[in-house]
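What follows is one structure encoded as structure tokens, with my remarks underneath.
FYI, it's all coordinate maths here, none of it is from the lab. Just so you know, these numbers come straight off a predicted model, no measurement behind them. Here the Cβ positions follow ideal geometry from the backbone for every residue, glycine too, while neighbour counts run over all protein chains shown.
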């Protein structure tokens, strides 16, 4: 019997198609990071212009994150039925249209609605791109490539921060949303032209003309075409998510969800509130934006570093150690107050740690589940985690408005990072080491 296409991907050298897939997924995550962070960079200007409270701003942040949650829970899993590429296209279109419309918001209600709908596309994009990257890369280097793809997120955050620091003070926050919307919309033709559909999708879902489309991809991968598709095993009726909580998947799934919930809460507290908090500490508007930018510069290097060490020492150990050390740094934030440069250095280190550790959980989820419901598994894991992302920014807004100091806020969310690290080390999946 000839080896399966998946076996040959494991054995053969990487090809141009695989590198192109990784690059397009990386690029889509750049737009994803840009679209998430533009509201954070714009927050001080919006709050000043409209006179809205930290609690109202927290509601705007959480609206986008709630949309991202529903996107990962209900939109991303559709990729197992209609294809990874199709969902990435839909996500890019949603992001582009509603990011642009946000520029025309006139009150908090408008912002909440537009951020919620944009979040649907953002949430499904991250789950779909990491899944597709995992399916096109060999097992021995998969952790690194998934981390590289997700590293597009902080790259987008950094680039949008650099633009925001110039554009917002001179042209207003609305212009930033127009730029983000146009950039996201331009990604759609790139996906159409250069992104390949998932091999696993053609093998397991077997849509119309699946064999013909699959063989076109296999030829580009220097793999001989196959004559027939594998026989599908009948599945019991019911939602695919039910598979996540059966037999061997139940315990590691719950552990993964808890690790993502706590890490998401810490991550989005930092991601969305850094520019506003640093502005409250007295930094000028452009330096407050640069604080968020440096956070994401640290994130990029943290993600790449995590990918390298995970391949050498294992995912669980690497992620756990990084998140625990990040908790220590967050709890010590009060020691950095009094020096603008010390604050910026601290935020860079936090970005390195929280994003580096958090992104490793994408690799955990992508490796934990079989291809038949991999996007469902990743999507629901990210969705469960995003409930932490919803709670984190809103909780921070409530604490800040209640008069809780910034230092205490950091200690509160350091506990979330600590729990994320400890839980990750205990994930009991046989597929993860």
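With contacts taken as Cα pairs under 8 Å and at least 6 residues apart, the chain reaches a relative contact order of 26 percent. Label separation (residue 340 vs residue 308): 3.2 nm, computed from points 7 Å beyond Cα along the C-beta direction. Mind running the shape call on segment 116-244? Use the C-alpha gyration tensor, a ≥ b ≥ c as the square roots of the eigenvalues: rounded below 1.5 for a/c, prolate if a/b tops b/c, oblate otherwise. Taking the square roots of the gyration eigenvalues as a ≥ b ≥ c, segment 116-244 is prolate. Packing around the peptides 66-74, 409-417, 165-173, taken as the average count of other Cβ atoms within 10 Å per residue, puts them in this order, highest first: 66-74, 409-417, 165-173.
A value for Kirkwood radius over Cα pairs in Å was derived from the coordinates, and within the list (1) 21.5; (2) 22.2; (3) 23.7 it appears as (1). When the Gaussian network model of the chain links Cα atoms closer than 10 Å, the mean-square fluctuations of 388, 338, 379 top out at 338.
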